[in-house]
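*Asks:* Below is a structure I'd like to ask you about.
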């Protein structure tokens, strides 16, 4: 159980609760849906992330004395609502796309079936988690494709909020990164951690050679030495002198990487260090990674661009009421008509249409009373919370591994055009039937 | 005291500690400096934020049994380093720009004086907080200028990580926003919270009128009614019918705002609701806010753009070792020479040069043995932590109010060109002397 998450919420979720209690409408059965109207930046697909940690936060979404006292003092809601919140735990059902799943515009990524009151107060938390984590995973997945099998490490903790950093490490790992620099992500989610030394370590010592010697003494010759503090070729020479032919890797964090990597590889080979690897970490994103595909790089470290969603730091997901029971207990589909923000009402059953080659051809969304999916369709919704009980196989480190495996499967199903880096349309259409 | 923050850290900070202990260099006295090489996006100035909450996180930066056990199990560091971490609390001195201060390229925003070991392990946390919070405050400050005195509310919690959302509300408030939707920001930092209802509330009820009635029954006629779920003019008509001439405000969340706001103002006036205000919330940023300057808008609600730094979600701050004592105990200035990432070594004393009209003309940075500042210069560094003791006047809600007041003073000192929204150069130069 995580620390209380219940005030990580917009005030209006609670004032709506208060007003609905007053009106006697708070227990109407509802269907809420989280989706993104579009993919950011002309991307071809997105990756769902955050689901597993969201489930843990929903379990921790309780109002204790501290929260209730503060809400009362501030006059946010009145007594009836305070009493309701004191007893709150989510008792509804949540289905959704598996974490790691591919998504497209209007894919109903999360579907909450509950009373209005129980579902509405989770809105802010659901969107905070899905928007940030999916933003990171969607960007990370493109970097993984661009790296074409070479390993990637996430090292952007310093470029995002200190708690978002942990979520970013998790989302990048789900999208196929192999490791993170973030220790809390290692502890909380079981993600492999990596890292050896920064320029400060070299500068602290009386010479670059003394710094390398100190690092090798502590971490062994298989460590990675950062060789660009002063002059790269002198740095490589010293690194090999100190660590010998067992030197694990050299790291380059500056300069024109295509030319530099080539020269460093030649230098290492000429010194007999054929097994010493080259890792690069200089403000990389999916485009610069792709530009290094012909260079003898062995691994990439990615910072700012992955933790900020490479230009799209929020995935644009929204959470909308699409159906509810009315005063007579009958189900009503609802939709708003605001300019450019119109929604499609009604409960939805999405499937991915798959052709005879096993590739996806459409995101097909059955609205309302579902027509039967075709036999080759892949059903997209799974039950995450069943009448208040979270399926624990989606949470914790186990959930992360499961999501990472699922992302690999889901990606393999996409048409090849999905992996083009340039702007374009979603690689398959979203069809309502 | 906040929850333990010590693993919100890159692994390499701890492996450097381990290696420095092995080499006997970990207790060398050091000066580390946090600064940004450039302002993002051709902006004219930046706003420092995060300092107050960083100080609280530094106080909570301790390694308890849970952290030490995990580090030992994972083999991150060896016994000597584990023993050192068990005793760790920061005992050094930190000076820095006041929270809310204006900054420019290379402004030494935070200066840490400590042993290498004590200072290096704080790097990731310091940068996570300063980068994210300053990104938000720098964007928010431009929005505040663009709003030209009209109030702004931050409501972007759902568009950033759930804990970053609290930091974003705090940073926006420091930069001059008047309120936030985020309840935890209200509780933790004393920031005014706001919000009434979303489209879901209207859709839940049997009619728009029934929804408005429910809201007015619960929150009173001075509430803000969201009028664009179906048809704006019908919505305004119903809002006035239900709430009467005491209706507080109507909210518009879609459409072409300049034309819509004008029409709604005319409609409200024609209905006699001259005191009913108009608030707008449709994907605003500094540019769309400025574009509404001639429209009868009364207040703005800003979401995605403020919490994601309006195109620059990380402020680009780095943390560099600039001086240390050597084996003989003598101070040495150090700098790296990496391509495009060269740093200026030595301890620095920054001042803001002020002309006879009270306006700033340069960011003047004295390096090493400081020349005397001129009498009209404003000193920029204040002591935040004195030999391990945090100045509590910078923390908590008091620190937030102090930062907000300081930002207003610092902004008033800038030349008028600082407030141009278009791309350009920093409004004053950074000069080394």
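*Asks:* Of these, A:197, A:168, A:218, which one is in contact with a strand residue (DSSP E or B) (Cβ under 9 Å, 6 or more places away or on another chain) and not in a loop (DSSP other than H, G, I, E, B)?
*Replies:* A:168
*Asks:* Sort out which residues of segment A:187-197 are more than 7 Å from every other protein chain (Cβ to nearest Cβ) and surrounded by 24 or more Cβ atoms within 10 Å (Cβ to Cβ), and write them in order of number.
*Replies:* Result: A:191, single match.
*Asks:* Hey, among the residues in segment A:198-255 that are farther than 20 Å from residue B:326 by Cβ and in contact (Cβ under 8 Å) with a residue 40 or more places away in the chain, which one's nearest to the other protein chains (Cβ to nearest Cβ)?
*Replies:* Per the stated criteria, the residue is A:253.
*Asks:* Quick one: residue A:8 ticks every box in (1) within 12 Å of another protein chain (Cβ to nearest Cβ); (2) under 21 Å from the mean Cα position of the chain (by Cα); (3) in a helix (DSSP H, G or I) except a single one, so which number is it?
*Replies:* Unmet for residue A:8, out of (1) within 12 Å of another protein chain (Cβ to nearest Cβ); (2) under 21 Å from the mean Cα position of the chain (by Cα); (3) in a helix (DSSP H, G or I): (3).
*Asks:* Take the conditions over 18 Å from residue B:93 (Cβ atoms), assigned by TED's automatic domain parsing to the domain that holds residue B:426 and in contact with a helix residue (DSSP H, G or I) (Cβ under 9 Å, 6 or more places away or on another chain) and apply them to residue B:404. Does it pass?
*Replies:* In short, yes.
*Asks:* Hey, residue A:16 hits all of (1) buried (at least 24 other Cβ atoms within 10 Å of the Cβ); (2) within 12 Å of another protein chain (Cβ to nearest Cβ); (3) over 25 Å from residue A:341 (Cβ atoms) but one; which does it fall short on?
*Replies:* Evaluating residue A:16 over (1) buried (at least 24 other Cβ atoms within 10 Å of the Cβ); (2) within 12 Å of another protein chain (Cβ to nearest Cβ); (3) over 25 Å from residue A:341 (Cβ atoms) leaves (3) as the failure.
*Asks:* Could you pull out the residue among B:119, B:156, B:149, B:96 that is within 24 Å of residue A:197 (Cβ to Cβ) and under 25 Å from the mean Cα position of the chain (by Cα)?
*Replies:* It is B:119.
*Asks:* Report, by residue number, each residue of segment B:333-353 that is in a strand (DSSP E or B) and either facing another protein chain (nearest Cβ under 9 Å) or surrounded by 17 or more Cβ atoms within 10 Å (Cβ to Cβ) (or both).
*Replies:* Residues satisfying the conditions are B:348, B:349, B:350, B:351, B:352, B:353.
*Asks:* Closer than 18 Å to residue B:125 by Cβ and not assigned by TED's automatic domain parsing to the domain that holds residue B:384: which single residue out of B:66, B:36, B:49, B:4 fits that description?
*Replies:* B:4
*Asks:* Scanning for something modelled with pLDDT of 95 or more, facing chain A (nearest Cβ under 8 Å) and either touching a helix residue (DSSP H, G or I) at 6+ places or on another chain (Cβ under 8 Å) or assigned to a loop (DSSP other than H, G, I, E, B) (or both), does segment B:138-146 turn up at least one residue?
*Replies:* no
*Asks:* Another question, if that's okay. Go through segment A:362-379 residue by residue and tally those that are in contact (Cβ under 8 Å) with a residue 60 or more places away in the chain and surrounded by fewer than 17 Cβ atoms within 10 Å (Cβ to Cβ).
*Replies:* Looking only at that region, the number is 1.
*Asks:* Surrounded by fewer than 24 Cβ atoms within 10 Å (Cβ to Cβ) and on the phi > 0 side of the Ramachandran plot - does that describe any residue in segment A:201-215?
*Replies:* no
*Asks:* Can you name every residue in segment B:171-184 that is touching a strand residue (DSSP E or B) at 6+ places or on another chain (Cβ under 7 Å) and in a helix (DSSP H, G or I)?
*Replies:* B:172, B:173, B:183
*Asks:* Of the numbered conditions (1) part of a loop (DSSP other than H, G, I, E, B); (2) in contact (Cβ under 8 Å) with a residue 12 or more places away in the chain; (3) away from chain A (no Cβ under 14 Å), residue B:357 fails exactly one; give the number of that condition.
*Replies:* Unmet for residue B:357, out of (1) part of a loop (DSSP other than H, G, I, E, B); (2) in contact (Cβ under 8 Å) with a residue 12 or more places away in the chain; (3) away from chain A (no Cβ under 14 Å): (2).
*Asks:* Need pairs with beta-carbon distance below 7 Å; first residue on the phi > 0 side of the Ramachandran plot and in the same structural domain as residue B:382 (by TED's automatic domain parsing) and within segment B:338-350, second surrounded by fewer than 17 Cβ atoms within 10 Å (Cβ to Cβ) and at pLDDT below 90; sequence gap 6+ or separate chains.
*Replies:* Cβ pairs passing all conditions: B:346/B:368.
*Asks:* Within segment A:394-409, track down each residue that is in contact with a strand residue (DSSP E or B) (Cβ under 7 Å, 6 or more places away or on another chain) and over 17 Å from residue A:146 (Cα atoms).
*Replies:* Within segment A:394-409, just A:394 meets the criteria.
*Asks:* Continuing with this model, one more query. Among B:73, B:29, B:59, which is touching a strand residue (DSSP E or B) at 6+ places or on another chain (Cβ under 7 Å), within 12 Å of chain A (Cβ to nearest Cβ) and either modelled with pLDDT under 95 or surrounded by fewer than 22 Cβ atoms within 10 Å (Cβ to Cβ) (or both)?
*Replies:* Every option except B:29 fails the conditions.
*Asks:* Additional query: Out of A:91, A:44, I need the residue that is crowded, with 20+ Cβ neighbours inside 10 Å and in a loop (DSSP other than H, G, I, E, B). Which one?
*Replies:* A:44
Here's the yes/no breakdown for (1) surrounded by fewer than 22 Cβ atoms within 10 Å (Cβ to Cβ); (2) assigned to a loop (DSSP other than H, G, I, E, B); (3) facing chain A (nearest Cβ under 9 Å):
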residue: B:283; (1), (2), (3): yes, yes, no
residue: B:287; (1), (2), (3): yes, no, no
residue: B:290; (1), (2), (3): yes, no, no
residue: B:295; (1), (2), (3): yes, yes, no
residue: B:301; (1), (2), (3): no, no, no
residue: B:305; (1), (2), (3): no, no, no
residue: B:313; (1), (2), (3): no, yes, yes
residue: B:318; (1), (2), (3): yes, no, yes
residue: B:321; (1), (2), (3): no, no, yes
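*Asks:* If I ask for residues that are surrounded by fewer than 24 Cβ atoms within 10 Å (Cβ to Cβ) and facing chain B (nearest Cβ under 10 Å), which ones from segment A:154-176 would you list?
*Replies:* Across segment A:154-176, the qualifying residue is only A:163.
*Asks:* Has segment B:156-165 got at least one residue that is touching a residue at least 24 places away in the same chain (Cβ under 8 Å), out of contact with any helix residue (DSSP H, G or I) (no Cβ under 7 Å at 6 or more places or on another chain) and not assigned by TED's automatic domain parsing to the domain that holds residue B:286?
*Replies:* For segment B:156-165, residues touching a residue at least 24 places away in the same chain (Cβ under 8 Å), out of contact with any helix residue (DSSP H, G or I) (no Cβ under 7 Å at 6 or more places or on another chain) and not assigned by TED's automatic domain parsing to the domain that holds residue B:286: absent.
Yes or no, residue by residue, for (1) closer than 30 Å to residue A:310 by Cβ; (2) at pLDDT 95 or above:
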| position | (1), (2) |
| --- | --- |
| B:241 | no, yes |
| B:245 | no, yes |
| B:249 | no, yes |
| B:254 | yes, no |
| B:262 | no, yes |
| B:266 | no, yes |
| B:281 | yes, yes |
| B:297 | no, yes |
| B:310 | yes, yes |
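*Asks:* Out of B:104, B:90, which single residue is more than 14 Å from every other protein chain (Cβ to nearest Cβ) and in contact with a strand residue (DSSP E or B) (Cβ under 6 Å, 6 or more places away or on another chain)?
*Replies:* Exactly one of B:104, B:90 is more than 14 Å from every other protein chain (Cβ to nearest Cβ) and in contact with a strand residue (DSSP E or B) (Cβ under 6 Å, 6 or more places away or on another chain), namely B:104.
*Asks:* Residues being under 20 Å from residue A:283 (Cα atoms) and in contact with a strand residue (DSSP E or B) (Cβ under 7 Å, 6 or more places away or on another chain): count how many of those fall in segment B:336-353.
*Replies:* Residues that pass the stated criteria total 1.
*Asks:* Which residues, counting only those in segment A:257-281, are more than 22 Å from residue A:178 (Cα to Cα), in a helix (DSSP H, G or I) and touching a residue at least 12 places away in the same chain (Cβ under 8 Å)?
*Replies:* A:258, A:260, A:262, A:263, A:264, A:265, A:267, A:268
The values are calculated or read from the model by the stated rules, or taken from the named source; none is laboratory data. Computed from a prediction, not measured in an experiment: that's the story for all the values here. Note that we place each Cβ from the backbone using ideal geometry, even for glycine, and neighbour counts take in every protein chain shown.
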